[in-house]
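> Can you read through this structure? Questions will come right after.
Just so it is clear, none of the values below were taken in a lab; they were calculated from the coordinates. Just so we're clear, the structure is a prediction, and the values are computed from it rather than from any experiment. Glycine also receives a Cβ, built like all others from the backbone with ideal geometry; neighbour counts cover every protein chain displayed.
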C-alpha cells in the first residue's frame, strides 16, 4: 500500500495523537521520566494502514492497543525529532491538531537540549503538557 | 482554508461516515423512506474544516450534532450521486471505509433507478444496509 503525503496528513489530522507522558521513575536523577509519543489507533481490520505508515516513516512499531484496536506508535526521541516532526512541519495540519503538534514539538526540542533533566525544564514541559489535548482549547 | 484532494481522502478515511437510514414513512407508497447520508463529525473547535469541506464539494450543510460536536452532512441524492461519489471513486480510500463506500454507492445507484420505490428493491437495499458499518467486517 503506497501512501500519499497529503493523505497521511489528512488521516493523521483526524486519527493521530501527540501525547506527552510524565511518569515517576526513581532511576532518573530528577525522579521523573518524560515520554513523548505519536500514535495512530485503528480497528484491527485496518492494521495494514498502520503498517503502511510504519513503512512510510521508517520507524515505530505496530502493536495491539485495547480490545480490537491496534496502534502505530513512535516513542524514540531521535525518530520523533528526525522523522515525524519534520514531516508534519512540511505538511501542515488543517484542524486544531496543529496546536497540539506545536506543543509536542516544543517539548521534543527541550528534550533535545536535555532540559527535561532539570527541575526548571521539567516544570516547563509539565506546563506545556497540561495545555495539550484539551477539547476546549480555542487556538 | 484550501484543501488538497488527498488530504480530504485521508481525513474522510478516518473521520467520514456513509450511512443509509430506512425509516417508516406513511406518506411513501411503499411505507418506507430510504435516507442515504454522508457525514463528517468534528468537535466545534474545528468547524472551519467542515465549512472548508462544504465549500470544496459545493453542497451539503454544516449543523450542530451532539453536544460540542458539529457535522458536515450531505443528504441530497443528486449531490451524493454527482459530487460525493465521483470524488471518492477517483480518490480511493485506504482503509476498509472503501467497503462501506462501495455499498453506499450501490444503494445510490439503485435509488437513481427508483428501485427503492419497489418492495424488491427496498429489500435489496435493506440487505446492503445490514452489511454496512460493521466493525467486524473483514473485506
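> Every residue in region B:88-112 that is within 14 Å of chain A (Cβ to nearest Cβ) and either out of contact with any helix residue (DSSP H, G or I) (no Cβ under 7 Å at 6 or more places or on another chain) or not in a helix (DSSP H, G or I) (or both), please.
B:90, B:91, B:92, B:93, B:94, B:95, B:96, B:98, B:99, B:100, listed by residue number.
> For region B:9-35, which residues satisfy the criterion of being facing chain A (nearest Cβ under 7 Å) and either surrounded by fewer than 23 Cβ atoms within 10 Å (Cβ to Cβ) or in contact with a strand residue (DSSP E or B) (Cβ under 9 Å, 6 or more places away or on another chain) (or both)?
B:11, B:14, B:15
> Among what's in region A:36-51 and is buried (at least 18 other Cβ atoms within 10 Å of the Cβ) and within 14 Å of another protein chain (Cβ to nearest Cβ), pick the residue that is farthest from residue B:100 (Cα to Cα). Can you show your working first?
Step one: filter region A:36-51 for residues buried (at least 18 other Cβ atoms within 10 Å of the Cβ), giving A:36, A:38-40, A:42, A:45-46, A:49-50.
Next, only the ones that are within 14 Å of another protein chain (Cβ to nearest Cβ) stay: A:39-40, A:42, A:45-46, A:49-50.
On the way: A:39: 25, A:40: 21, A:42: 16, A:45: 13, A:46: 13, A:49: 16, A:50: 19 Å.
That would be A:39.
> Now for a separate question. Please go through region B:100-131 and pick out each residue that is surrounded by 19 or more Cβ atoms within 10 Å (Cβ to Cβ) and closer than 23 Å to residue A:69 by Cα.
B:100, B:101
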